Structure formats: structure tokens, C-alpha cells
1. Hey, does region A:534-547 have a residue that's on the phi > 0 side of the Ramachandran plot and touching a Leu at 6+ places or on another chain (Cβ under 7 Å)?
2. Do we find that A:Ala601 is surrounded by fewer than 19 Cβ atoms within 10 Å (Cβ to Cβ), out of contact with any Lys or Arg (no Cβ under 6 Å at 6 or more places or on another chain) and in a helix (DSSP H, G or I) in this structure?
3. Could you run through region A:555-600 and say how many residues are more than 9 Å from chain B (Cβ to nearest Cβ), small (Gly, Ala, Ser) and closer than 19 Å to B:Gly26 by Cα?
4. In this structure, does A:Ala605 turn out to be more than 10 Å from chain B (Cβ to nearest Cβ) and more than 19 Å from B:Ala159 (Cα to Cα)?
5. Scan region B:154-172 for residues that are more than 8 Å from chain A (Cβ to nearest Cβ) and buried (at least 21 other Cβ atoms within 10 Å of the Cβ) and jot them down.
6. Identify the residue in region A:623-638 that is outside any helix (DSSP H, G or I) and within 10 Å of chain B (Cβ to nearest Cβ) and, among all such residues, is surrounded by the fewest Cβ atoms within 10 Å (Cβ to Cβ).
7. Of all the residues that make up region A:153-179, how many are surrounded by fewer than 24 Cβ atoms within 10 Å (Cβ to Cβ), outside any loop (DSSP other than H, G, I, E, B) and in contact (Cβ under 8 Å) with a residue 24 or more places away in the chain?
8. So which of B:Ile33, B:Ile3 ends up being without any contact (Cβ under 8 Å) to a residue 60 or more places away in the chain, within 25 Å of B:Gly186 (Cα to Cα) and facing chain A (nearest Cβ under 7 Å)?
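The values are calculated or read from the model by the stated rules, or taken from the named source; none is laboratory data. This one's a predicted model, so the numbers in the text were calculated from it and none came from an experiment. Methodologically, a virtual Cβ is constructed for each residue, glycine included, from the backbone with ideal geometry; neighbour enumeration extends over all protein chains shown.
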Amino acid sequence: MRDGSAVRATTVAAEPAVDERQLATRHEALDEQWRDRPGFIGWLTSVDHKSIALRYIVTAFIFFLLAGINAGIMRLQLARPDNHIVGPDLYNQLFTVHGSTMMFLFAVPIMTAMGLYFVPLMVGTRNVAFPRLNNFGYYTYLTGGLLLWIGFLLNIGPDTGWFSYVPLAGPEFSPGKRVDIWAQMITFTEIAAMVTAVEIIVTAFKQRAPGMSLGRVPLFVWAEVITAFMIIFAMPAVMLDSSYLAIDRLVGTHFFNPAEGGDVLLHQHLFWFFGHPEVYIIFIPALGMVSSIVETFARRPIFGHTAMVLSMIATGFVAFGLWVHHMFATSIPQLGESFFTAASVMIAIPSGVQIFCWIATLWSGRPRLRVPLLWVIGFVILFVIGGLTGVMIASVPFDLQVHDTYFIVAHFHYVLIGGAVFPLFGAFYYWYPKLTGRMLGETLGQWNFWLFFIGFNITFFPMHLLGLEGMPRRVYTYPAGMGWGGLNLLASLGAPLIIASVAVFLVNVWRSRRHGAVAGENPWDAPTLEWATSSPPASYGFAHIPVVHGRTPLWETRDELPVITGLRTDCREVLVTDVMDAEPDHRYGQAGPSVWPFMLALAAAAGIIASIFSPWGTPLGVVLATIALAGWFWPKGRERRELAAGERT
Amino acid sequence: MRIRAVLDVHDLPEHAFGSRAPIWWGTIGLCLIEGTMFGLAMATYLYLRLDSRAWPPLRTPDPDLLLPTINLVVMLVSVAPMVWADLLARRGGSKGAVRFALILATVLGLAALVLRWFEFDAFHVRWDTNAYGSIVWLILGLHTAEILASVLEDVVFVAYTFRYPLDEKHRVDVSTSAVFWYFVVGIWVPLYLMLYFTPRLV
């Protein structure tokens, strides 16, 4: 694919270190090119991966808090038998919006947003590959979230569970617009996720710093790339599925209507073909975070780097062969069920490899037990518990007993909160200094961790027992005679501890923004490139693009960073390198801020929301999106002047 | 940390075609997403068939062959001007020549859209008649949207060439948009075979 002219970068022999004054003017020139426009318009037009990722993170965290409030109300309701704080209709909306928010508006976006922030910095480039598309993705995601929550606050929130099974969610049993809001929220968030996935893949493939061959790519970047590929292959399934549901409801198609040749299990197949990989889409970035934290705090390169990468890839592949284990209680042939049991048990192998590699790294390193590592240890404990119940319910006879009971609720909260939220909190403590330039408080961090860890176990461990005692999930109350009152009360008593823990975290974040210890470039003495630039990073990321000689670049060249020269500073130029070896290939001037991605997001929103009510929403969206895309493409401002100048010469 | 310059890149070119360009990878990403979607739509079609004793279901005749086949040929032919535009863009062909190739491709794309309008009738079924009608209309509709998107992209390129010079950046764009065109035509081949020939196989 490459022609001979590709590599023309010349090695500079023994050039003296760049002097200070030159550096200051360089910073100014770069900032002039790369910073956002000021004010509100700058907010709408930003193409800086850091500000967009930060917005994603804050927005997703707000949705986490909102969905947490839902969970709190549910625990309050279930605290004693025959409770009537909320009625059945509101309760249905509470758990549907809780689950949908946590999965679609919190977990996936925040995990990929961490990638949007750190992948470009870790591979040593100035921005993601398609900066304007990134802006479009954020606003599309935001509209989807607002749609769901405004619907909920208007008492038209979806009420059929986060997977909206038919026939319950079909036109016959769920009239009104509640399910349509759910289906279109999916459309919004999946468009955003797929956009982000392409951003991350192309950035990691084509914009790595020279020398960062595939073998030297940090594990967090691998994790985000593998996740991005999973998004590409999984998300179309749920978009197609929710579209079938929406048009069955809107224009009378029969995808899920058995009377006219449709099939209700088609929905379950398509949903879980997405839904199971989804779990790993949330979990694999967390593995990357854990690896980053373990490496830094064990003060040695990760043990078994290649084995780790292969395990994550294996997890990514096997994740697509598990979906039927969510459907063991349906009329699937038994031979098929056995296959999916085997595949489900198999996923324990790559997970085990990773757990052992982390333990080996910590064992042979010189661990520092700081707050980020604390969260990682919490993760390992909870994830092992969740993994063990996972192996149990992979077995068909056991699954049939506990299907749709609180045992399942306990299991997936252990794997999702233990497996993703704990590493995420660890990542917040680890990378907060890079995001803000200040350290988070260590004491509050300890409180944050222990309250969460204890509160989580008090809340969710009893649910295993409730499930074994037969308590079904998604019931708004239960009679006293069932004997479930005590354990439910215990579970509900754990919830305030979790709430207190999150409150401590918010206080910590708020206080540390102004009063935290100043972090400097690399407060943890970490080995990867995001720590080779200022905290918070300048608009252009790196003043000079670094050159990489190993897997842990900042540990290999401790006092001197090898860099490249020759990128233009009078436009937004990035270095494009080749996929395998990251050899310099060409320089490329990226697009700057523009309002058109936002306009495209508005156009898409108009079309998608209109199609809740009328089939004409789709053509409307097409027309508006075409206008927005043409506006996006058409040369304006500086580009127009340059083209005109080019024509004259 | 002190820095030390070890590599100078100012001699490198400012643009590159094909898999050297980030936009090419972005387009491949888009094709993977759309390809997965069509793959799952095909899976739906075949899955629904499992539930049906007759396929197409009773009282629905087999789809017509003539017009859909003509349309397939039109689409396949439209690849030729796109390949030509791609080569011209890469090899520094004149703006006029690139524009001519793009107009040719656009005309063929529009012809495919017009034929597609009538192709919906070739199935003798409405989307709300039965599940067979639903999935057939869905596949046709999705693919029509792909053709429409490619044609609109071409129209914008043509309009651009009337107003501005064809610089290197836009040459890369033309060359990359051809990749998406190949995908849109290429994905139709298995879909065409499935939609029109699997009902005829027992």
C-alpha cells in the first residue's frame, strides 16, 4: 500500500537541545492555531478532543447521578414489604430509565470519552483524527440523553425495561410514545458511540508518535481500540433492532408480530447480539485503566504485555459468541444452549490471564498503595465474585432456576460496578491531576473508596440470597409473608453509604480543583506519554511530537525526551504515521472549529425526534442533514482564501 | 523535561492517497458499520424465513427479475466512472476531467435511484402485509439511502469543482468517496442474490 516516497523524514544527528526562548514563541504560535474560539460560540464549535471528552465525562457523570437517584428511590420503595411510596407505573419507569441511563448514557459514553481524552495524548498526537465529527458525536449523545430524561420527567418515560422485550414493548401492549422514546434514544447514543469508535481507531492507527510500533502501544490504547472495534460490530445490531421496534409501532411492519410471520425472539437475538458485547464494551476500557494504574503504582512494566493484549482481543472475540446465554429460558434448542454455555465459561480464561498478570506485576514490583491502586484492588475482589456467579449462571439448569430473579441483579451489578465503576473511580484519581493540574485529596479518596466498597457489598450481596429465595426482579413491592423483608431492608441500608461515598467524591473534586496539591507534569512518575506534557495539557497537546523507543517511554529516557521537528505551526498540522511501525508518512492539516457539526447534530435530532410521531421524520432528517453536510464541506473563511490564493498562483 | 530533536519531518508530503490517508481509514470504518448492518438485515431475512412454511409467504408471488437486474447492471456500470475519477484524482488529472467522471457517475447513480423507485413494486408486497414485506422493504430502503448519500456527496463535489480549484486535499476526498461508492455497489450484489434468488431455491 505504501509507495517509496513515503519515508522521507531525516534523522537529525546530535542537534543541541531546543532553547527556552524559541520554545515560548512556539507555544504561542501553536496555541494561536489550536485553541477554541472564546465564549459560547467556542463551546458550540470546539474541535479540541480534550474539551469534548471532558464534556462527555461530566455529562455522563451527571447521568450517573440521576440514574443513581432512581436507584435510591427503588431501594427506598423495596425497604419494607407492601410499601406504597411509588406505584407500579412509576416503578416501571424508574428501573427502565435507571438501566437505560446507566448502560447507554453513562457507562459506554464515559468509557469511550476517557479514550477520546487519553488516546491522542498516549499515542503522542495533537488531536483525534476527525475533530469535527467528534463535536457532532457529543451533541448527538446529549440530545439522546435529554430525550430520555425529559420524557421521564413528563411521565412518558419508557417502562418496559432496558431491553424492551416484545411483545410487551410492541404496539399492542405498550401504546403511547414511551417505548418510541426508548428506541430513538438508542439511535442517538449509538450514532455517537460509533462516531467515537471510528475516531479512536483511526487516531490510534494513523497518528501514533514515530517509533510507537504496534508492540509498543500502551495497554489502555489497545483496550480502547478493541472496544471501538466491538462497538462497530455490535452497535448496528441494536440500532437495527430498535428500528424494527419503532417501525412496527409506527407504520405497522411485522418484524415482531408472529401473526404475520414475524418473530418475538428475533428481538432478543438482535438485542443480545449487541447486549452481551456491550458488557465488554464497558469492561475492556476498564481493563486498560487497571493496567495503567497497576503499571504505574507497581513501578515496573506490566508483566506479560503481549499476553494481556491477546487476552483482551480474545475477550473481544468470545464476547460475540455469548449472547444466547441471556435467552436460556426461551425455546432455544438444547445443543445450542450447550454451545453458549461452553463459550460463556471460556471467557473466564482470558480474564484469568489478565488477573494473574496484574498480580504478577504487583508481586514483582514495588507497589505504592495510593488511592487509585485501592480502587483496583476493590475491582479485583468484586470482579472475581461477579465472575464466579457468572460461571454459575452460564450453566443452563442453574440459570433456569435464577432467571429473572435478584440473583441476576446481584451478578450484573458485581461485574458492572465492580468491573467498570471501580476502575473508573481509580482512573479519576489517577488522571485527575492531568485533567486539572491538581491532585485529588488522598484522605477523602480513602473515605470515598471504603464507603463505596462497604456500601456496595451491603446493598448487592443480599440480592444473591434474595434471588435464591425466589424474589423476581422488577417487582414494585412484595407481600410480607414472603419473608424477603429483612434482606431487602439490609440492601436498602447499604444504599445511603454509596450515596455518601459519591458525595465525598464530588466534594473532593470540587475542593481539589482550587485547593488540591499542584500536580506538575508527571506526579505519579508514570511511564506513558500523556505525562510528558503540561497538566492540564495545552490546546495543542505537545509542543513537540515525541519519538518513542519502548513500551514505557518516560521510564526509558528519564531526563530527556526525544522529539521530532518540522511540523508546521501556522496551521493545525498533525503527523500521520503508518499502521504497523508508526514510521512518519506525511503531515496533514486538520480542520478547525466549525458550527456545522452542531448544525448536523440538530438536523439529526429534528429528524429522529420527528420520527417518533410521523414517518415523515426520516425524509425531514435527510433533507436537513444534507444541507448541514453541504455546509460542513463547503470551503469557508481561511480555507476559501487559501484555495483562491492557490488558484491565482 | 528537556527535549532533544532527533527527527525532522518537514520534507514529508502534506497529503497521501489510499490507506496512507486517515480519511481512507475513516471511510473503511463507515463501511464496516454499514456492512455489519446489512449483514444483520440479511440474517433477519433468513431468520424470518425459518418461521415460514412458504417463502415468499402464501399469496405473495416471487419477486420480478427484469427491472431489478437492469438496476444491478446500472449500478455495476456506475463503478467505471468512479474508478476513472479516482485514478484522475490520484494522478493529477485536470479538474475538468475529474468533474466529467463525477458527473457521469452521478447520472448513473440518479438512474439507479429512479429504477429503485419502481424496484419496490417488483416484490408485489407492502411493508405492512407480512414480515416478508417488512424486511424486504427495509433492506431496499436502507440501501436506497446509501445510494442517495453517495449521489448527494457526488453532487456536492461537482458543485465544488465549479467554484474552487481541485487542490490535493480535495483530490484525496474524491478518491476516498470512490471507496464508499464501491462499497454501496458491492454490498448490493449479495443482497440482490438473496432477495431475488433465494425465494426461487427450494
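1. There is at least one residue in region A:534-547 that is on the phi > 0 side of the Ramachandran plot and touching a Leu at 6+ places or on another chain (Cβ under 7 Å).
2. no
3. Total satisfying the criteria: 3.
4. Yes, satisfied.
5. B:Asp154, B:Phe157, B:Leu166, B:His170, B:Arg171, B:Val172
6. By that ranking, first place goes to A:Trp634.
7. Of the residues in region A:153-179, 1 are surrounded by fewer than 24 Cβ atoms within 10 Å (Cβ to Cβ), outside any loop (DSSP other than H, G, I, E, B) and in contact (Cβ under 8 Å) with a residue 24 or more places away in the chain.
8. None of the others qualify; the one that does is B:Ile33.
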